[in-house]
Amino acid sequence: MTERELRKKIRQAVEAARKECPLVPSITNTVTINLVANAQLACGGSAAMVYLPDEGEAISSICQAFYINMGTLFPVYAETLPRTIRALADAGKPWVLDPVGIGLGSLRTELLRQMKAMPPAIVRGNASEIIALANLWGLDTGVAKDGVRGVDATDSVDSAVMAARALARFIHGAVAVSGAVDVVTDGDVVVRSYGGSPLFTKVTGSGCSLGGVCAVYAAVTDPFAAAITAVNMYNAAGKRAEKEARGPGSFEKIFLDTMYNLSADDVASNAMDACKA
């Protein structure tokens with residue numbers, strides 16, 4: 001796929017999400033529910049938050065895509081997540097995984113290990129999370145040990161490219177690695193997307209909500225185009241919002257407004273470059 005073709009798909013994805021308003025439920029970090037839902041609404045999706053096993057199973061049959069974030073786990077999720085993922089697989093629905101906090105606790109580790117059998121269409125995380133998930137699934141990452149520190153990364157985005165490519169090839173989808181310069185890959189092509197703002201690191205849920213927006217676009221296009229569209233949307237909106245913001249609080253509000261008002265051309269024309277890995 002050429003860069004010109006990719007930008008065309010980004011433009012089409014932005015327009016399709018706003019026209020179709022796909023239903024994209026989430027099982028997500030309780031700290032970030034509000035921002036995840038608002039970001040999904042701002043880009044054109046319809047949000048729903050799910051907790052219980054029967055809810056996840058039932059809504060999987062009527063949704064267009066799904067978002068699962070591992071940020072805060074409850075005991076019931078030991079049943080909710082496997083049942084929901086199985087229902088999504090049976091229905092052929094794409095879903096996005098954000099492996100937040102990977103390595104913290106046995107329940108989280110076991111649930112993430114089980115997901116290898118029914119993998120997502122897109123994985124979104126910071127560099128250390130991407131390396132850790134690929135290592136957990138026994139893939140070739142080139143890095144023996146990740147640098148996860150709670151929910152923060154100590155690895156660079158560039159050091160996670162090999163792990164991201166391995167994950168993308170394994171899931172036959174896409175992986176988005178968040179950092180100062182974001183990387184998205186389908187295992188073959190590696191795209192670097194530029195822009196954003198340092199203020200993203202001062203707002204709880206910036207990464208989590210990006211995962212939710214990836215899922216919105218996964219409902220209307222292929223995983224690779226969906227991930228790049230979401231990342232470009234965040235980088236374009238973040239760069240513009242920073243110019244008007246006075247700090248993290250105003251940045252969050254202005255960011256959502258900016259995302260809502262960006263045109264498809266604005267998102268498609270965000271600075272990025274693509275190369276064969």
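Nothing in this text is a laboratory measurement; each read-out follows from the coordinates by a stated rule. Keep in mind that this is a model prediction, so the values were computed, not measured.
Using the alpha carbon gyration tensor of segment 70-113, what are the three equivalent-ellipsoid semi-axes (square root of 5 times each eigenvalue), largest first, in whole Å?
Semi-axes from the Cα gyration tensor: 20, 12, 8 Å.
Given the options Leu133, Leu88, Leu107, which has the most mean-square fluctuation in a GNM of the chain, springs set between C-alpha atoms less than 10 angstrom apart?
Leu107
Hey, what do the phi angles of segment 93-102 turn into as Karplus ³J(HN,Hα) couplings, whole Hz, using 6.51/-1.76/1.60 and θ = phi - 60°, x for Gly and Pro?
Taking θ as phi minus 60°, the curve returns 9, x, 9, 10, 10, 10, x, 4, x, 3 Hz for segment 93-102.
Given the convex hull of the Cα atoms of the chain, what is a quarter of its surface area in nm²?
Across all orientations, the chain yields a mean hull projection of 12.3 nm².
Measuring from the lowest to the highest alpha carbon on each principal axis, how far does segment 82-145 reach, largest first, in angstroms?
Principal extents (Cα only, largest first): 36, 22, 18 Å.
Under a 5 Å amide H to amide H cut-off, with H placed in plane at 1.01 Å, what residues pair with Ala48 once short-range neighbours are removed?
For Ala48, the qualifying residues are Val24, Ser26.
By a straight-distance test (C-alpha under 24 Å), which lysines pair with Lys253 as possible cross-link partners, with residues fewer than eight away in the same chain excluded?
Lys19, Lys202, Lys239, Lys243
Stick to the Cα atoms of segment 124-240, pair each with every other, and give me the Kirkwood hydrodynamic radius in Å at one decimal.
Numbers: mean 1/r = 0.0716 Å⁻¹.
About 14.0 Å for segment 124-240.
Anyone know which of Arg165, Arg246, Arg192 comes out most mobile in the 10 Å Cα GNM of the chain?
Arg246
Using the alpha-carbon centroid of each, what span in Å lies between segment 188-204 and segment 86-128?
21 Å
Express as a percent, rounded to the nearest 5, the fraction of DSSP beta bridges in the chain (both residues included) that run antiparallel. Write down the numbers at each step before the final one.
Working: 13 of 30 bridges.
Of those bridges, close to 45 percent are antiparallel.
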